[in-house]
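Chemist: Attaching a single structure in structure tokens format; questions to follow.
The values are calculated or read from the model by the stated rules, or taken from the named source; none is laboratory data. Since the model is a prediction, treat every value here as computed from it, not as a measurement. Quick reminder, even Gly has a Cβ in these numbers, built from the backbone with ideal geometry, and neighbours come from all protein chains shown. All accessible areas refer to the heavy atoms of the entire protein, side chains included, with ligands and DNA or RNA removed. Shrake-Rupley method; radii C 1.70, N 1.55, O 1.52, S 1.80 Å.
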Amino acid sequence: MTDTRLATTAVPVGENPPRVAARLEALWPYLAIGAAAVALPLTGDTYWGIIATRACIYWILVAGLNLVVGFAGQIAIGWVALLTLGAYTASVLTAGTATPALPPFAALIVAGVAGAIFGLVVGLPALRLRTFYFAMTTLGFATIVTQIALAWQSVTGGGIGVPGPEFPGWFSTPWGFYYLCLALAAICTWMTANIAASRFGRSLIAVRDAEVAAEAFGIFRPTLLLTVFLFSGAVAGVAGGMFASLQSYITPDAFTFDLSVLFFIAILIGGRGSIIGPMLGTIILTVLPEFAAPLVAWSTFLYAALLLLIVLLIPGGIADLIDFKNRRPLERHREIAPRPEMIGPLIGHTAAAKSLTLENIALSFGGVRAIDGLDLEVRPGEVHGLIGPNGSGKTTTLNVISGYYAPDHGALRLGGDTLAPGGAHLRAGRRIARTFQTPRLIGAASVLENVMIGGTIDGHASFAESLLTLPRHRRDERVLRDAAMATLTAVGLEPLAGVRADRLQHSELRFMEIARALMLRPDFLMLDEPAAGLSAEEIKRLGTLIVAITRAGPGVLLVEHHADLIFDICDHVTVLNLGKILAAGTPAEIRSHREVVSAYLGA
Ligand code: ADP
Ligand code: MG
């Protein structure tokens, strides 16, 4: 059923942004760095060769960590633990101190697997702990790994250490080893860039910047985070193996806290949610000490000063600095011109659209009865207005329907099915979509990407398929992108598709949120004060848009303060006061309801 509806979204879109030019614009920094890196051996300078090798190895780790820190926003500060683990795994296995000796490449693969497993273990606390608490657990893990390496003398050599793996043949020469590291670094760049441009990358940033919205669109934070920790751990393990080989001999004090800070800061100064930024950050931080060699005692101080400077002067990091596209000025007088006639084909015919019913729902916060025995029915194809003074429980009602709060008692039904209380991330699968009273957006992502978030659950490709851009991933992206472009055209925002969302005006954000909700091809849509902050003309257009949505099938529950909009487009109105229904009926009945007029609408 999903697929037939997907097919109907192939609405002619008009002009797509010229993709080849956009591709090149995004690609040139990588090509420039790659060309310089490949040509480096021509200089014949082996000293810089070693530094470049180290930069490649650091980047292998940072590329993966970037998904955790830069994209998902997790403060994983002790990631050196995974480097240590990978280094010791690869070294111990090739040295054969615990097992029969393995060939170096086999040992490297095992290091990657060990890294993946421990990445998962280090990441687990992130499901419950936030910010600094999680950061502390990663630090604790780093200490534990070092202490084990010190104590387990028979295997790791303790304080004396163990030789690192030596790769065979050409790879044992400095430049051969350099090219091996460069190739691995390039593969990691390619894979993480693939993830960044997939529904997984967008979901990670959504979890970071708009967690509630992410949940409402079916993004399940725990599996997403654990997948990324797994991947990030794997590449960190591989980086560890290469690091041990570069060092040729490893002891626990090769893995300092400074190194962990370097990885973390490389991402921060590079810019969160970017690939090229942290890559440049890693290169800069690896090379910097060479220039600051006379100041080596000051290196920690220099890092701190650099970080402070960047955070204060360019909070978006290097990525922001080189984001020329988003510095082009936007047109000043922009108009949102929706095309309601496009809505029908976009949503597809939802003959199956169902009524949403609330029965005697109640929810208290401590002593406050936010909703107190609410009955409500929203039928398919109708606009149901929910009005009432501030604090009367409107948003709370939407949150209960969204599964964000579990009601104290009462039942919630869609068609014949009971909706389980709670389970916000499951509502998207029921085709229940919503917007938020305060727009919840990903400021750093483009308008198009924000809208694509709405279609996340319709993607079929797995994380691994996206990592390698396999056909299913490419099909997902094409379908999602076309649908998002068409939806943006329908709400009248298509000229802004490529613009960062935090550059939009408030009214544009409201329409963007509606576009995101429509991407779910909802059977039921909730709008929380969509007209707040809109001009009179925009409110009129919004009204036409909402009516067009209901014509296509879904029921709409509209929370609003603008009486004109409510009375113009609603089929049915419910008035709340202190969590109870004060009145319910047709707009005409409500308009002449004595109590409503005196308590809420005014004279
Ligand atoms: P409305 O959207 O109609 O303005 P809300 O549904 O946001 O009102 O709020 C209804 C009541 O519930 C208010 O008294 C508000 O303070 C309270 N409330 C809402 N959410 C919470 C919460 N998370 N914790 C405590 N009280 C809350
Ligand atoms: Mg509200």
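Chemist: Go through segment 224-256 and give me each residue that's modelled with pLDDT under 95, at negative phi and of a type in the set (S, T, N, Q).
Modeler: Matches in segment 224-256: Q247, T251, T256.
Chemist: Now a separate question. Just give me the residues in segment 412-462 being among the hydroxyl-bearing types (S, T, Y) and either open to solvent by 70 Å² or more (accessible area, probe 1.4 Å) or farther than 22 Å from A353 by Cβ (or both), in sequence order.
Modeler: The answer is T418, T438, S446, S462.
Chemist: In segment 377-411, how many are among the aliphatic types (A, V, I, L, M) and open to solvent by 10 Å² or more (accessible area, probe 1.4 Å)?
Modeler: So the answer is 2.
Chemist: Of everything in segment 387-397, what is touching a strand residue (DSSP E or B) at 6+ places or on another chain (Cβ under 9 Å), within 10 Å of ligand 2 (Cβ to nearest atom) and not β-branched (V, I, T)? Give them in sequence order.
Modeler: Correct list: G388, G391, S392, G393, K394.
Chemist: Can you tell me how many residues in segment 218-265 are within 30 Å of M519 (Cα to Cα) and not in a helix (DSSP H, G or I)?
Modeler: Counting residues in segment 218-265 that are within 30 Å of M519 (Cα to Cα) and not in a helix (DSSP H, G or I) gives 3.
Chemist: Now for a different question. Which condition breaks for N390 when tested against (1) under 21 Å from L520 (Cβ atoms); (2) assigned by TED's automatic domain parsing to the domain that holds I549?
Modeler: Status for N390: all satisfied but (1).
Chemist: Can you tell which of R500, R510 is over 22 Å from L356 (Cα atoms) and either touching a strand residue (DSSP E or B) at 6+ places or on another chain (Cβ under 7 Å) or of a type in the set (F, W, Y) (or both)?
Modeler: R500
Chemist: While we're here: For Y47, indicate whether it is of a type outside the set (D, E, K, R) and open to solvent by 80 Å² or more (accessible area, probe 1.4 Å).
Modeler: Against the criterion (of a type outside the set (D, E, K, R) and open to solvent by 80 Å² or more (accessible area, probe 1.4 Å)), Y47 qualifies.
Chemist: May I ask you to say which residue of I371, I361, I401 is under 22 Å from T418 (Cβ atoms) and within 13 Å of ligand 2 (Cβ to nearest atom)? I'd like the intermediate steps shown before the answer.
Modeler: Working: I361 fails: within 13 Å of ligand 2 (Cβ to nearest atom); I401 fails: within 13 Å of ligand 2 (Cβ to nearest atom).
Result: I371 is the single residue among I371, I361, I401 that is under 22 Å from T418 (Cβ atoms) and within 13 Å of ligand 2 (Cβ to nearest atom).
Chemist: Can I ask one more? So N360 fits all but one of (1) among the polar types (S, T, N, Q); (2) open to solvent by 30 Å² or more (accessible area, probe 1.4 Å); (3) outside any strand (DSSP E or B); what number is the exception?
Modeler: N360 satisfies every listed condition except (3).
Chemist: Same structure again: Could you give every pair whose Cβ atoms fall below 7 Å, whose first residue belongs to segment 127-142 and is over 16 Å from W79 (Cβ atoms) and assigned by TED's automatic domain parsing to the domain that holds L204, and whose second residue is surrounded by 12 or more Cβ atoms within 10 Å (Cβ to Cβ) and basic (K, R), counting only separations of at least 6 or pairs across chains?
Modeler: none
Chemist: Same structure, new question: From the list E529, E537, which one is over 23 Å from the mean Cα position of the chain (by Cα) and over 24 Å from I432 (Cα atoms)?
Modeler: Testing whether each residue is over 23 Å from the mean Cα position of the chain (by Cα) and over 24 Å from I432 (Cα atoms) leaves just E537.
Chemist: I've got another one for you. From the list A98, A111, A106, A81, which residue is more than 20 Å from the chain's Cα centre (by Cα), surrounded by fewer than 24 Cβ atoms within 10 Å (Cβ to Cβ) and closer than 24 Å to Q147 by Cβ?
Modeler: Just a single option satisfies the conditions, and that option is A98.
Chemist: Still on this structure, I have one more. Before we move on, is A484 open to solvent by less than 10 Å² (accessible area, probe 1.4 Å), outside the structural domain of N577 (by TED's automatic domain parsing) and touching a helix residue (DSSP H, G or I) at 6+ places or on another chain (Cβ under 7 Å)?
Modeler: yes
Chemist: Here's something else I'd like to know. Among the residues of segment 559-568, which ones are closer than 21 Å to F436 by Cα and either open to solvent by 40 Å² or more (accessible area, probe 1.4 Å) or at pLDDT below 95 (or both)?
Modeler: Scanning segment 559-568 gives E560, H561, H562, A563, D564, L565, I566.
Chemist: What number of residues in segment 388-399 are in contact (Cβ under 8 Å) with a residue 12 or more places away in the chain, of a type outside the set (G, A, S) and either farther than 17 Å from V556 by Cβ or assigned to a loop (DSSP other than H, G, I, E, B) (or both)?
Modeler: 2
Chemist: Check off (1) within 16 Å of F220 (Cβ to Cβ); (2) within 16 Å of ligand 1 (Cβ to nearest atom) for T435 and give me the number that stays unchecked.
Modeler: (1)
Chemist: Somewhere in segment 363-371, is a residue open to solvent by less than 40 Å² (accessible area, probe 1.4 Å), closer than 23 Å to L542 by Cβ and touching a residue at least 60 places away in the same chain (Cβ under 8 Å)?
Modeler: No - not one qualifying residue is present in segment 363-371.
Chemist: Looking at segment 376-411, which of its residues are more than 9 Å from ligand 1 (Cβ to nearest atom), out of contact with any Asp or Glu (no Cβ under 6 Å at 6 or more places or on another chain) and not hydrophobic (A, V, I, L, M, F, W, C)?
Modeler: Across segment 376-411, the qualifying residues are E377, R379, P380, G381, H384, G385, S402, G403, Y404, P407, D408, H409.
Chemist: So is H562 within 16 Å of ligand 1 (Cβ to nearest atom) and of a type outside the set (F, W, Y) or not?
Modeler: yes
Chemist: Can I ask one more? Among the residues of segment 515-542 satisfying the criterion of being crowded, with 23+ Cβ neighbours inside 10 Å and small (G, A, S), which is farthest from ligand 1 (Cβ to nearest atom)?
Modeler: Across segment 515-542, the extreme among qualifying residues is A515.
Chemist: Taking only segment 444-474 into account, find how many residues are without any contact (Cβ under 8 Å) to a residue 12 or more places away in the chain and either in a helix (DSSP H, G or I) or of a type in the set (G, A, S) (or both).
Modeler: Looking only at segment 444-474, we keep the residues that are without any contact (Cβ under 8 Å) to a residue 12 or more places away in the chain, and these are 462, 464-465, 470-471, 474.
Subsequent filtering for residues that are either in a helix (DSSP H, G or I) or of a type in the set (G, A, S) (or both) retains 462, 464-465, 471, 474.
Counting residues in segment 444-474 that are without any contact (Cβ under 8 Å) to a residue 12 or more places away in the chain and either in a helix (DSSP H, G or I) or of a type in the set (G, A, S) (or both) gives 5.
Chemist: Quick test of your reading of the structure: A370 fulfils all but one of (1) modelled with pLDDT of 80 or more; (2) away from ligand 1 (no atom under 16 Å from the Cβ); (3) of a type outside the set (V, I, T). Name the failing condition by number.
Modeler: Every condition holds for A370 apart from (2).
Chemist: Another question about this same structure. Looking only at segment 585-603, which residues are outside any helix (DSSP H, G or I) and open to solvent by 60 Å² or more (accessible area, probe 1.4 Å)?
Modeler: S592, A603
Chemist: On to the next question. Only one of (1) within 16 Å of ligand 1 (Cβ to nearest atom); (2) closer than 30 Å to T544 by Cβ; (3) aliphatic (A, V, I, L, M) is not met by L448, so which one is it?
Modeler: (1)
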